[in-house]
């Protein structure tokens, strides 16, 4: 990828090496930035606008989103971060359910995420977790909602 970026910089005069969005989707953002005049937007923002996400937040008490694994990379722009940022603008807290919770999640709390929960209720293989995902998400969701709305 570095070699490709070097060639693009030499040919176009635009160096995609450190441009925001240039590394996404295998460098396609960098190609568009070098060869066209694109408007670069985060994918999650496009999706949230398309589905009128903020309309759903008007009467929401909480947003629950999910990801296979939540860790330090989530704060780099993954979907749950974008969902939480949009919800935070409307004053709605976000809870993440994840298959696994790794290191470096603390920075997510600055973006409107109030808690992060693993859906696993016992040690299990990835295969078993995926096979039982619906039940695991259902059980975890119920427990999160019970604790969030307990009065």
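Points to keep in mind about this one:
- Residues in region 66-81 that are surrounded by fewer than 18 Cβ atoms within 10 Å (Cβ to Cβ) and touching a helix residue (DSSP H, G or I) at 6+ places or on another chain (Cβ under 7 Å): 79 alone.
- Within region 82-92, the only residue that satisfies the criterion of being in a loop (DSSP other than H, G, I, E, B) and out of contact with any helix residue (DSSP H, G or I) (no Cβ under 7 Å at 6 or more places or on another chain) is 91.
- Only listed residue being within 25 Å of residue 135 (Cα to Cα) and surrounded by 13 or more Cβ atoms within 10 Å (Cβ to Cβ), chosen from 84, 22: 84
- Answer from 87, 129, 98 - the residue that is over 30 Å from residue 20 (Cβ atoms) and either assigned by TED's automatic domain parsing to the domain that holds residue 22 or touching a strand residue (DSSP E or B) at 6+ places or on another chain (Cβ under 8 Å) (or both): 129
The values are calculated or read from the model by the stated rules, or taken from the named source; none is laboratory data. Owing to the predicted nature of the structure, the values given are computational and were not obtained by experimental measurement. Cβ: placed from backbone, ideal geometry, glycine included. Neighbour counts: every protein chain shown.
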